[in-house]
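J.: Here it is, the structure in full.
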Amino acid sequence: MNNPWKILSSKEIYENPWIRLTEYEVINPGGGNGTYGKVHFKNRAVGVVPIDNDGNTWLVGQYRFTLGEHSWEIPEGGAPEGEEPLACAQRELLEEAGLTARTWKMLSKIHTSNSVTDETGWIFLATDITEGVNKPEESEADLKVMKLPLSEAVTMILEGKITDAMSIAGLLMVERLLPGLRQVQPPGPNID
């Protein structure tokens, strides 16, 4: 499909070691002039849904500075240029949850918020799990690790207790791939 957008000019607004913000003057698909901003993440987002033989998964929780609140998520991190997404997934699973896995499957490539960023996310399924000790980074000093049945993690999504897009996508994909693991009731009308 042909690109209906025409870029008239662009300028870099901000850059740090992790992101770059570029502003574009454009002609949009309807023919009008406009301004469009794009956030480019220098790392690729990588997430892992670990599943053990009993249908359990692991979530990690931390206070997210950008949100100003605590967030439960699958183990996630950023793959810098030159690092393969699988290698990043393996590293993050060990760092955040203290887990290693013998079997890996790439579930999906996703775009995390395609109206404002070109960020690409990679989601993996990890099985044949061995538990160990996590080694979080300094910025994750408050990291909590929770082991729970996959069905309970899906319930947390349905109740609005998991809001991270990569986590929602990954957990729901695994729930569909492994249908015998989910036996939950939909949430009631009061969602926190």
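Readers should treat all values here as calculations from the given coordinates under stated rules, not as data from a laboratory. Predicted, not measured: the structure shown is a model, and the values here were computed from it. Here the Cβ positions follow ideal geometry from the backbone for every residue, glycine too, while neighbour counts run over all protein chains shown.
J.: Within region 32-52, is even one residue without any contact (Cβ under 8 Å) to a residue 40 or more places away in the chain and of a type in the set (Phe, Trp, Tyr)? Explain how you work it out, then say what you get.
T.: First, pick out the residues of region 32-52 that are without any contact (Cβ under 8 Å) to a residue 40 or more places away in the chain: 32-36, 42-43.
Then keep just the ones that are of a type in the set (Phe, Trp, Tyr); that gives 36.
Yes, that holds for at least one residue.
J.: Return the total of residues in region 108-127 being within 13 Å of residue 86 (Cβ to Cβ) and surrounded by 18 or more Cβ atoms within 10 Å (Cβ to Cβ). Don't jump to the end; show me each part of the working.
T.: Of region 108-127, the ones within 13 Å of residue 86 (Cβ to Cβ) are 109, 122-126.
Still in the running and surrounded by 18 or more Cβ atoms within 10 Å (Cβ to Cβ): 122-126.
Residues that pass the stated criteria total 5.
J.: Let me confirm something: among 166, 146, which residue is outside any loop (DSSP other than H, G, I, E, B) and either buried (at least 17 other Cβ atoms within 10 Å of the Cβ) or β-branched (Val, Ile, Thr) (or both)?
T.: 166
J.: Can you name every residue in region 96-113 that is outside any helix (DSSP H, G or I), in contact (Cβ under 8 Å) with a residue 24 or more places away in the chain and either under 27 Å from residue 130 (Cβ atoms) or of a type in the set (Ser, Thr, Tyr) (or both)?
T.: Kept after step one, since they are outside any helix (DSSP H, G or I), are these residues of region 96-113: 98-113.
With the extra rule that they be in contact (Cβ under 8 Å) with a residue 24 or more places away in the chain, the set shrinks to 98-103, 107-108, 110, 112-113.
Of everything in region 96-113, those that are outside any helix (DSSP H, G or I), in contact (Cβ under 8 Å) with a residue 24 or more places away in the chain and either under 27 Å from residue 130 (Cβ atoms) or of a type in the set (Ser, Thr, Tyr) (or both) turn out to be 98, 99, 100, 101, 102, 103, 107, 108, 112, 113.
J.: Right, another one. What about residue 57, is it in a strand (DSSP E or B), closer than 30 Å to residue 127 by Cα, hydroxyl-bearing (Ser, Thr, Tyr) and touching a residue at least 12 places away in the same chain (Cβ under 8 Å)? Show your work before the answer.
T.: Numbers: in a strand (DSSP E or B): yes; closer than 30 Å to residue 127 by Cα: yes; hydroxyl-bearing (Ser, Thr, Tyr): yes; touching a residue at least 12 places away in the same chain (Cβ under 8 Å): yes.
For residue 57, the condition - in a strand (DSSP E or B), closer than 30 Å to residue 127 by Cα, hydroxyl-bearing (Ser, Thr, Tyr) and touching a residue at least 12 places away in the same chain (Cβ under 8 Å) - is met.
J.: On to the next question. Filter region 60-87 for residues that are assigned to a strand (DSSP E or B), touching a residue at least 40 places away in the same chain (Cβ under 8 Å) and crowded, with 17+ Cβ neighbours inside 10 Å and give the result.
T.: From region 60-87, those assigned to a strand (DSSP E or B) are 60-64, 69-73, 76-79; that's our starting set.
The next check asks that each one be touching a residue at least 40 places away in the same chain (Cβ under 8 Å); those that pass are 60-63, 71-73, 76, 78-79.
Within region 60-87, 60, 62, 71, 72, 73, 76, 79 qualify.
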